[in-house]
Amino acid sequence: MLVSSRGPVRSLLSLSRRLCTSQPGSPDASRHPSPETHAPLPDSDVKQQGRGTRKDPSDCSVLLFPGQGSQFVGMGRGLLKYPNVKEMFAVAHKILGYDLLSLCLQGPEEELRKTVHCQPAVFVTSLAAVERLNQENPKAVETCVAAAGFSVGEFAALVFSGAMSYAEALFAVKVRAEAMQKASELVPSGMLSVIGRPQAQYKHACVQAKEYCKSQGIEEPVCSVASYLFPDGRVIAGHRKALDFLQQNSRNLHFIRATPLPVSGAFHTELMESATEPLREVLRQVEVRRPEINVYSNVDGKRYMNESHVRRQLVKQLVSPVKWEQALHEIYERTQGKKFPHTYEVGPGKAARIHASKV
């Protein structure tokens, strides 16, 4: 039962708030500026947002948090020497019920790749990477004005922003990962990373793939764009036969590359519908606050406005394509000659930074 499972979360709240919320004199206090000192986005939108004085973008930072697929055996090994990191993994052990640190460091890879393990691993390791950044370059944390996370990375971005506590967000990620794992086991499905030529028509390709599936006896096949990564970069997800069709016909579809992703299901499509209610229920029970810096939603690329907006979009995210390219445009778009903020990827892998550089 969900309520009884929340026991460990309540008992760890004081620890999580010490790790992940502002306290005077705490080494993490700079991570969450008070609303009065909230730094505005360093662009032309500052005035209309009404959030304080204009800042030089070159003195500000943006943090990007990666998602599932960035994991690897050995992740987190170089982070254990930084403050709070061992404690964060200890909290994770109690909430998840297994030794996440051992799984990250030693694998086996097959277990780490499972959705149920991978999402908590990426979430915890990403926030551990923030601890490293805070030690090695505290100014990057102090001057952060915006954050975005890819899929499960959005939970890490929200914790960083002060919108959720570490322990409660991790519990929500646990529920989310378990629900998505179950949904992915209902039908053979997956995800395909596609880079296309300018003439590629991704939605039409999905229509063709669905028609093929129908000819193979699959009723109501699913095949759709699941992530907008960068110009001519997409992730397409759906029934396995649909993805096989796209790979076999990639040349005719004007795809330069079509590579299966190491995930177990068609995330961010309607095949994840059964996972929405468990996540909606847990988000009703955890405390959510308005982010203290701008955090951008995967659903539409726009920044979160309030607590109910966060809860609503996190659920919708499961069955909606990730608008990563659009979010990055929101963060970085500015008139010619305007400076850009420094960007830091915090988490395993380099996917978020690569995608940012291509937009």
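The values are calculated or read from the model by the stated rules, or taken from the named source; none is laboratory data. This structure is a prediction, so every number in the text was calculated from the model and none was measured. All Cβ positions, even for glycine, are placed from backbone atoms using ideal geometry, and neighbour counts span all protein chains on display. For accessibility, only protein heavy atoms count, side chains too; no ligands or nucleic acids. Shrake-Rupley method; radii C 1.70, N 1.55, O 1.52, S 1.80 Å.
So, of the residues in the stretch 220-253 that are in contact (Cβ under 8 Å) with a residue 12 or more places away in the chain and assigned to a helix (DSSP H, G or I), which turns out to be surrounded by the most Cβ atoms within 10 Å (Cβ to Cβ)? Out of the qualifying residues, it is 242. All conditions but one from (1) over 24 Å from residue 112 (Cα atoms); (2) touching an Asp or Glu at 6+ places or on another chain (Cβ under 8 Å); (3) open to solvent by less than 10 Å² (accessible area, probe 1.4 Å); (4) of a type outside the set (Asp, Glu) apply to residue 265; the one that does not is (1).
With respect to the conditions (1) in contact with a helix residue (DSSP H, G or I) (Cβ under 9 Å, 6 or more places away or on another chain); (2) polar (S, T, N, Q); (3) farther than 23 Å from residue 91 by Cβ, residue 151 lacks only one, and its number is (3).
Evaluate the following for residue 295: is it free of Cβ contacts under 8 Å to residues at least 60 places away in the same chain, within 21 Å of residue 148 (Cα to Cα) and surrounded by 20 or more Cβ atoms within 10 Å (Cβ to Cβ)? No, not satisfied. Residue check: residue 280 meets all listed conditions (1) farther than 20 Å from residue 148 by Cβ; (2) touching a residue at least 60 places away in the same chain (Cβ under 8 Å) but one, namely (2).
Reported count of residues in the stretch 182-219, each being in contact with a Leu (Cβ under 7 Å, 6 or more places away or on another chain), in a loop (DSSP other than H, G, I, E, B) and among the small types (Gly, Ala, Ser), is 1. Just the residues that are at pLDDT below 90, closer than 26 Å to residue 272 by Cα and in a helix (DSSP H, G or I), please, taken from the stretch 312-359. Selection gives 351, 352, 355. Within the stretch 81-91, is even one residue open to solvent by 10 Å² or more (accessible area, probe 1.4 Å) and touching a Phe, Trp or Tyr at 6+ places or on another chain (Cβ under 9 Å)? Looking for residues that are open to solvent by 10 Å² or more (accessible area, probe 1.4 Å) and touching a Phe, Trp or Tyr at 6+ places or on another chain (Cβ under 9 Å), one finds none in the stretch 81-91, hence no. Do we have any residue at all in the stretch 110-118 that's in contact with a Gly (Cβ under 6 Å, 6 or more places away or on another chain), within 29 Å of residue 234 (Cβ to Cβ) and of a type outside the set (Ser, Thr, Tyr)? Checking the stretch 110-118: not a single residue is in contact with a Gly (Cβ under 6 Å, 6 or more places away or on another chain), within 29 Å of residue 234 (Cβ to Cβ) and of a type outside the set (Ser, Thr, Tyr). Of all residues in the stretch 268-311, how many are part of a loop (DSSP other than H, G, I, E, B) and hydrophobic (A, V, I, L, M, F, W, C)? Of the residues in that region, 5 qualify. Per the listing 70, 58, the residue uniquely open to solvent by 10 Å² or more (accessible area, probe 1.4 Å), part of a helix (DSSP H, G or I) and among the hydroxyl-bearing types (Ser, Thr, Tyr) is 58.
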